[in-house]
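Okay, so here's the structure we're looking at.
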Amino acid sequence: MTRSISWIPPVLYGAVLAGGVYYSAVGPGLTLRTAGFVGLLAVLIVLDARDRPIPPGLLLALRIVLLCGVAALDASGLSRVLFVLVPFLAFFAFGRTVALVLGVGCVAAVVVAFALWVPEWYVRAEYISDLLMFALGIVLAIAMAAVATGEQRARRQLAGTLDEVAELSAARERNRLAREIHDSLGHHLTAIGIQLEKAEAFAPLDPATSAQAVSSARWSADRALAEVRTSVRTLGSESGPVELSRSLADLVHHLDGAAGRVMLTVTGRERRPLPVLYRAAQEGLTNACRHSDAARIGLTVAYDDRGARLTVSDDGRGFDPAEEGFGLSGLRERVRLVGGAVAVASSPAGTELTVEVPW
């Protein structure tokens, strides 16, 4: 039984107890019969307030036996109302069908009792009225139990839905953080690795180039630290540079250094910042510099009235699109969230990554 209606049985027991004792006190007087009536009601109250579980079938049988005893000892006749609890409580334990059968059985039992102990009850208005009110009480009790179980079911479904929403929200946040770590820290760590390899290779041959590579690695480390601090401070869903063209130029300079492999081209006018394009450039350039063995890499940004298109192309060895890694899949999700699209074309002659984002 739900907590919202668990108060109903004790209230009915208390009302019948008060009415029965009052009737005995002002009528035939308080007797052993009254004491038995009070004792059985007390047993019913304790039975419903039990902590130790009882099998539903046994509990129903005990309750019916006790109710019959209470009705037999009640001189006032008020205890008949307690039989509405039989289908009401059975609804929670056994369901609608059993409750309906028990409700009909309770009404039939009252009819049989009237037929056995009240001569010509069917022509006496007070007994006809009692029977109709009892039947109406049975109907209302079953209806109330149906509403309560429906509410209980809805609460369970709502709790399950809220758990699913919380799970999905947590998964989405984990994916977002994974994208941020990959696109930001992953890029900068890759760039640091590339520049340190370059510094090591050129150290004995060209100290100036080696020093420039170390400087670029230091810039990438500072940039990574700054982005981590920004993310911790704001926990924003998207972070990136405000002036995309200048930031892309810095990115190309510190990633490629004096090698001259990367050519940056920007056309059109930027209307507002599009941080996702910076992340796309990071992903494309990191993959091209790290994995493609390309001699030439092109980075192009074109603005028009509809939005912006970023393209990263190289003349490297390409890759199998079926082996697309977390970086590209995370980029697709990031771009999808802003209404854009990602296309990747790769062959042994090179790879082209295209990202389109609307204003």
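Scanning the range 237-256 for residues that are at pLDDT below 70 and closer than 15 Å to residue 279 by Cβ yields 237, 238, 239, 240, 241, 242. Number of residues in the range 343-359 that are free of Cβ contacts under 8 Å to residues at least 24 places away in the same chain, closer than 22 Å to residue 267 by Cα and touching a helix residue (DSSP H, G or I) at 6+ places or on another chain (Cβ under 9 Å): the value is 1.
State yes or no: is residue 192 closer than 23 Å to residue 276 by Cα, modelled with pLDDT of 75 or more and of a type in the set (Val, Ile, Thr)? When the stated conditions are applied, residue 192 passes them. Only strands (runs of 3 or more DSSP E) whose full extent lies in the range 254-352 are considered here, and the ones with at least 3 residues that are over 44 Å from the mean Cα position of the chain (by Cα) and in the same structural domain as residue 191 (by TED's automatic domain parsing) are 262-267. Going through (1) assigned to a helix (DSSP H, G or I); (2) over 42 Å from the mean Cα position of the chain (by Cα) one by one, residue 140 falls short only on (2).
Taken over the range 303-342, the criterion of being exposed (fewer than 14 other Cβ atoms within 10 Å of the Cβ), closer than 16 Å to residue 288 by Cα and touching a helix residue (DSSP H, G or I) at 6+ places or on another chain (Cβ under 7 Å) is satisfied by 326 alone.
Residue-by-condition table, conditions (1) within 19 Å of residue 341 (Cβ to Cβ); (2) out of contact with any Leu (no Cβ under 6 Å at 6 or more places or on another chain):
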| residue | (1), (2) |
| --- | --- |
| 252 | no, no |
| 273 | no, yes |
| 277 | yes, no |
| 281 | yes, no |
| 295 | no, yes |
| 305 | yes, yes |
| 309 | yes, yes |
| 313 | yes, yes |
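For every residue, the table says whether it meets (1) in contact with a Pro (Cβ under 7 Å, 6 or more places away or on another chain); (2) outside any helix (DSSP H, G or I); (3) more than 21 Å from residue 113 (Cβ to Cβ); (4) modelled with pLDDT of 90 or more.
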| residue | (1), (2), (3), (4) |
| --- | --- |
| 29 | no, yes, yes, no |
| 36 | no, no, no, yes |
| 54 | no, yes, yes, no |
| 58 | no, no, yes, no |
| 82 | no, no, no, yes |
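Residues in the range 192-214 that are surrounded by 14 or more Cβ atoms within 10 Å (Cβ to Cβ) and in a helix (DSSP H, G or I): 192, 194, 195, 196, 198, 199, 202, 209, 210, 212, 213, 214.
Anything in the range 64-118 that is of a type in the set (D, E, K, R) and under 25 Å from residue 31 (Cβ atoms)? List them, or say none.
Listed by number, the residues that qualify are 74, 80.
Residues that are on the phi > 0 side of the Ramachandran plot, among the charged types (D, E, K, R) and surrounded by fewer than 12 Cβ atoms within 10 Å (Cβ to Cβ) occur at least once in the range 116-129.
Taking the condition assigned by TED's automatic domain parsing to the domain that holds residue 62 and either under 24 Å from residue 10 (Cα atoms) or touching a helix residue (DSSP H, G or I) at 6+ places or on another chain (Cβ under 6 Å) (or both), does residue 136 pass? Here the answer is no, as residue 136 does not meet what is asked.
The values are calculated or read from the model by the stated rules, or taken from the named source; none is laboratory data. It should be emphasised that the depicted structure is a prediction, and the values quoted were computed from it without experimental measurement. As a convention, Cβ positions derive from the backbone with ideal geometry for all residues, glycine included, and neighbour counts pool all protein chains shown.
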